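Notes for the one structure printed next.
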């Protein structure tokens, strides 16, 4: 362990976190729309839809996973949809599914916390390309300009559902899920919203797929995927008071930063802190949900970190959501959580699960979220 | 009001990389003088663009400021952010080991992330197809690398969060840093933002009719729009008690902040929603409208922004709108860094005792109504005690921070 991490974590207070209740989930993945489809695919090892999303450019020769049918006309209507890019459409569909899973409409004191890495890389790079290809560089389409801004999807979600609470977009890439939940807990605590839609979204595009292909960051057989996942969260106490049943609880969400030669130790350190702040011991962990499947070199770092943190072998249930959905970058984190919830539902589990959800980036960011099914959930 | 048991939070270090200079002293001197530092664009080919001025950081040499990270591995925005953070730490007179040995992290705002890197790759795509993308350069694309660069440069082991809430992102960042330090989650946070000039935004703003030809004149009757700009800014945030114990210079105390969302329109701001954000920021800081001595405006230089921002202020302050100025009149719109530069100049205004000016105002737009004082020309000597810093963004994302003179 690096000296800096040892010193910094030594005096980190193991203050218990405010548990959040997850009251609904909306997912759009290569397994189809909805949590049930994802849970079934993960549980039964069914690979996701493997056809490319059509665009002007040909994607690289490698496997892909894409959402088969977004049903946009039915789920988000036809009005104003024409100019929305796929990132925003995926986000809107996942939110619609999450909201439809609720018994009652959300109040306007609801907010949005959405994870991304670059927004839609297809939208921004195509817009930039237009400045080179048009007769005059400014002859770009003004109605597509909003798509090039990273918080486009979060803004559209707020507008379509009248959500006036905090509206945040986090550029966390692989860390976006745990960062979004961490951000959400603070925002709820500070009163910036009563309830939050917390999600991650990543679209498949030829531009993005070529980027992965050329970067060498993925194993040759690892598919480039896409998806969106949204969790409806609020403080557990508020859900109990309102009589809203919870699917699960979000306990600690810890993030940190490690030197490139100390990633496993850095990740192990945040997993340890996350368990302490969740009031859990390693022996209570039933499930790990991995974020590095198919990522060259990092998959072994992640498993080594979990071995260090949990004191040996991985627990019985190891979820590798990317085997179903492919590499989903900034949607990974929330999809890792959704996969656990879907799987638990699929296997009929109603109590006793505790999952450790890990995230890692080669740049040095490390993160861990702890999810459980407390008894009673309310 | 802060939560019971929360720690007081202060700003003790400032770093700027901007068209108005590198380092807080040069930046502040330029702003106080009311000097306009926007200029003809050199960073990209402007052939065919009718408007070609911006707030560019010309001849930026990251190697002169960065000690640990290798500039070539990072994008321009990350270089700006890490350089500004390095400057802020030096300004705070904090040793590298004291910072890295504590629970320290960063939170940086951005609008377009590593847009200059994306455009580098787009030019490769244009020349030889997507198959020709430089794989190493692809690794520099993620916007999350902006905060990662700060942590890497300073050896921080705490969180590295990049907020992409467009043009209010730095205020979101400062608010988050305040919460993390107040609640004891962190001991030091670098908060700020960074963005790079890029062709696509220049083209997009021009097509929206929002781009000024050469001069950005917020609040002036003859204003014609924004000038795009770039840069990086960082503020070192720490607990008051720790700052006092180590004998640090305290520029300002973070009193509170608020964020909300219009949820109405992606590009047209809503005065009622902004007014509510102001009121909520005042409640958070435990102040009333009478306490506010100065407003650092979002002040982009468009008619819509001025009308909305003044209407929102009027709704809260009535006929006594505090002096309200825009530093974008001098450095242009630095996008995700804009409200960070606003917070920085607010710190200096509180610490040195002046009101930052709006450059280029010849006649305050009468349509804004009576009592609008944009501090025209050059800085005005004054003794502000509590100031308010505005950031409004695309998507209706409003964020307002309230800073007070250290006591």
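The values are calculated or read from the model by the stated rules, or taken from the named source; none is laboratory data. For clarity, every value in this text was computed on a predicted model and none was experimentally measured. Note that we place each Cβ from the backbone using ideal geometry, even for glycine, and neighbour counts take in every protein chain shown.
If I ask for residues that are over 13 Å from residue B:231 (Cα atoms) and without any contact (Cβ under 8 Å) to a residue 60 or more places away in the chain, which ones from the range B:47-63 would you list?
B:47, B:48, B:52, B:63 - these are the residues of the range B:47-63 that are over 13 Å from residue B:231 (Cα atoms) and without any contact (Cβ under 8 Å) to a residue 60 or more places away in the chain.
Hey, can you tell me all the residues within the range B:4-35 that are at positive phi and in a strand (DSSP E or B)?
The answer is B:21, and nothing else.
Quick grid of which residues meet (1) more than 7 Å from chain B (Cβ to nearest Cβ); (2) in a loop (DSSP other than H, G, I, E, B); (3) in contact (Cβ under 8 Å) with a residue 60 or more places away in the chain; (4) crowded, with 24+ Cβ neighbours inside 10 Å:
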residue	(1), (2), (3), (4)
A:129	no, no, no, no
A:136	no, yes, no, no
A:157	yes, no, yes, yes
A:170	no, no, no, yes
A:185	yes, no, yes, no
A:191	yes, yes, no, no
A:196	yes, no, yes, yes
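Restricting attention to the range B:271-288, which residues are away from chain A (no Cβ under 14 Å) and either modelled with pLDDT under 95 or over 16 Å from residue B:175 (Cβ atoms) (or both)?
If the condition is that a residue be away from chain A (no Cβ under 14 Å) and either modelled with pLDDT under 95 or over 16 Å from residue B:175 (Cβ atoms) (or both), then B:271, B:288 are the ones that fit.
Residue check: is residue A:226 over 20 Å from residue A:373 (Cβ atoms), at pLDDT 95 or above and touching a strand residue (DSSP E or B) at 6+ places or on another chain (Cβ under 8 Å)?
Yes, satisfied.
Yes or no: residue A:271 crowded, with 20+ Cβ neighbours inside 10 Å, in a strand (DSSP E or B) and under 20 Å from the mean Cα position of the chain (by Cα)?
no
What number of residues within the range A:159-168 are within 7 Å of chain B (Cβ to nearest Cβ) and either touching a residue at least 60 places away in the same chain (Cβ under 8 Å) or assigned to a helix (DSSP H, G or I) (or both)?
Looking only at that region, the number is 1.
Condition (residue is over 24 Å from residue A:137 (Cα atoms), buried (at least 17 other Cβ atoms within 10 Å of the Cβ), away from every other protein chain (no Cβ under 11 Å) and in contact (Cβ under 8 Å) with a residue 12 or more places away in the chain) applied to the range B:64-77: is it met by at least one residue?
Looking for residues that are over 24 Å from residue A:137 (Cα atoms), buried (at least 17 other Cβ atoms within 10 Å of the Cβ), away from every other protein chain (no Cβ under 11 Å) and in contact (Cβ under 8 Å) with a residue 12 or more places away in the chain, one finds at least one in the range B:64-77, hence yes.
Residue-wise test of (1) under 23 Å from residue A:49 (Cα atoms); (2) touching a strand residue (DSSP E or B) at 6+ places or on another chain (Cβ under 8 Å).
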residue	(1), (2)
A:194	no, yes
A:197	no, yes
A:209	yes, yes
A:213	yes, yes
A:245	no, yes
A:262	no, no
A:267	no, yes
A:270	no, yes
A:285	no, yes
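Only one of B:29, B:88, B:20, B:25 is closer than 30 Å to residue A:176 by Cβ and in the same structural domain as residue B:164 (by TED's automatic domain parsing). Can you tell me which?
Result: B:88 is the single residue among B:29, B:88, B:20, B:25 that is closer than 30 Å to residue A:176 by Cβ and in the same structural domain as residue B:164 (by TED's automatic domain parsing).
Check residue A:245 against each of (1) within 18 Å of residue A:340 (Cβ to Cβ); (2) surrounded by fewer than 24 Cβ atoms within 10 Å (Cβ to Cβ); (3) touching a helix residue (DSSP H, G or I) at 6+ places or on another chain (Cβ under 6 Å) and name the one condition it does not meet.
Here residue A:245 meets the rest and fails (3).
List every residue pair whose Cβ atoms sit under 8 Å apart, with the two residues 6 or more apart in sequence or on different chains, where the first one lies in the range B:138-153 and is more than 7 Å from every other protein chain (Cβ to nearest Cβ) and the second, anywhere, is part of a loop (DSSP other than H, G, I, E, B) and surrounded by fewer than 24 Cβ atoms within 10 Å (Cβ to Cβ).
B:149/B:69; B:153/B:66; B:153/B:67; B:153/B:68; B:153/B:69
Which numbered condition in (1) without any contact (Cβ under 8 Å) to a residue 60 or more places away in the chain; (2) surrounded by 14 or more Cβ atoms within 10 Å (Cβ to Cβ); (3) within 17 Å of residue A:328 (Cα to Cα) is the only one that residue A:51 fails?
Failing condition for residue A:51: (2).
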